[in-house]
Amino acid sequence: MRRSVTLLLCAAGVLLAAWVAYVVLVDTDVANCERPQRGVNWSGCDLYNADLRNANLTGAKLSGAKLSGAKLSGADLSGADLSGADLTGAVLTGAVFNQTVCPDGVTVSAPDTCDGHMLA
């Protein structure tokens, strides 16, 4: 009987450890799409309606990201790659564009912006 209980507890411990490892790995992937920072790799992330006002996204990799409805006013997008990103309805007022690759692949610098360089 004791041996059965010990084996059962060991099996439960292994399952718990596997579940914790899974949760940590999944949460880490999600966190990478949520934390704005310089040089972040958000390629393909779903950032629909994200509040990124005044975020430092210098050198960010945003290719193919879903940024529709995102608030990017005042964000620094210098050196960012927005190629293929969906910026439908995104607010870009006051965002900084310096050697920024727009969704259509065109690189712009201030005073130019990605207006007119969105995907159809």
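Where a number appears in this text, it was derived from the coordinates with a stated rule and is not lab data. Since the structure is predicted, the reported quantities are computational estimates derived from the model, not experimental observations. As a convention, Cβ positions derive from the backbone with ideal geometry for all residues, glycine included, and neighbour counts pool all protein chains shown.
Results, tabulated for the structure shown:
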| item | result |
| --- | --- |
| For segment 51-62, Karplus couplings with θ = phi - 60° (6.51, -1.76, 1.60), whole Hz, Gly/Pro x | 9, 10, 4, 6, 6, 8, 10, 4, x, 5, 9, 10 |
| Placed amide H near residue 99: partners under 5 Å, 5+ positions off or other chain | 79, 108, 109, 110 |
| Phi-based couplings in Hz for segment 64-69 (Karplus 6.51, -1.76, 1.60; Gly and Pro marked x) | x, 6, 9, 10, 4, x |
| Amide H partners (placed H, <5 Å) of residue 50, local residues excluded | 70, 71 |
| Backbone HN-Hα couplings from phi across segment 37-43 [Karplus 6.51/-1.76/1.60, Hz, Gly and Pro as x] | 6, 4, x, 4, 9, 10, 4 |
| Inter-label distance for residue 93 and residue 54, nm, one decimal - labels placed 7 Å from Cα along Cα-to-Cβ | 1.5 |
| Shape category assigned to segment 37-120 from the gyration tensor of Cα positions, a/c cut at 1.5 | rounded |
| Antiparallel DSSP beta bridges within segment 34-120, percent to nearest 5 | 25 |
| Cut-off under 5 Å, modelled amide H: who pairs with residue 41 long-range | 61 |
| Contact order normalised by residue count of segment 37-120, Cα under 8 Å, 6+ apart, percent | 23 |
